[in-house]
Amino acid sequence: MANHQHPVFRFIKPLIIFNFGGACVICNKVCKSNHVHHMDNNSSNNDAFNFVLLCDHHHRLVHRCKFVVKPLLSSSQREFLQSLNDFLNIYKP
């Protein structure tokens, strides 16, 4: 099953978009077509801390150039992601 169809990813995606305010972490562009990207490029790693939000342009660049994006998270973003991970560890689909 492709990762974007995985039930956990479908649940996580809107929460990650919310956590990053809908903005690309590189250019801060807010767009409905922004992508949730696995930072380690492992599509089976659905740890909340493995996700970042990128615009279409930067998502293509990250994959083409093979560089890693590690955003600086605010304390509230870290707390949100930790809570999401705690929930996901309880809810094992």
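Remarks
- For the range 40-66, a residue qualifies if it is of a type in the set (D, E, K, R), over 19 Å from G21 (Cβ atoms) and open to solvent by less than 70 Å² (accessible area, probe 1.4 Å), and exactly one does: D47.
- Which listed residue is closer than 25 Å to P7 by Cβ and either open to solvent by less than 50 Å² (accessible area, probe 1.4 Å) or not in a loop (DSSP other than H, G, I, E, B) (or both), from V69, V36: V36
- S83 being assigned to a loop (DSSP other than H, G, I, E, B) and out of contact with any Asp or Glu (no Cβ under 9 Å at 6 or more places or on another chain): no
- Filter result for F18 (part of a helix (DSSP H, G or I) and surrounded by 13 or more Cβ atoms within 10 Å (Cβ to Cβ)): no
- So H58, is it over 18 Å from S83 (Cβ atoms) and touching a Cys at 6+ places or on another chain (Cβ under 8 Å): yes
The values are calculated or read from the model by the stated rules, or taken from the named source; none is laboratory data. Only a predicted model underlies this, so the values are computations on that prediction, with no experimental measurement involved. Note that each Cβ is placed from the backbone with ideal geometry, even for glycine, and that neighbours are counted across all protein chains shown. Surface accessibility is based on the protein's heavy atoms, side chains included, excluding ligands, DNA and RNA. Shrake-Rupley method; radii C 1.70, N 1.55, O 1.52, S 1.80 Å.
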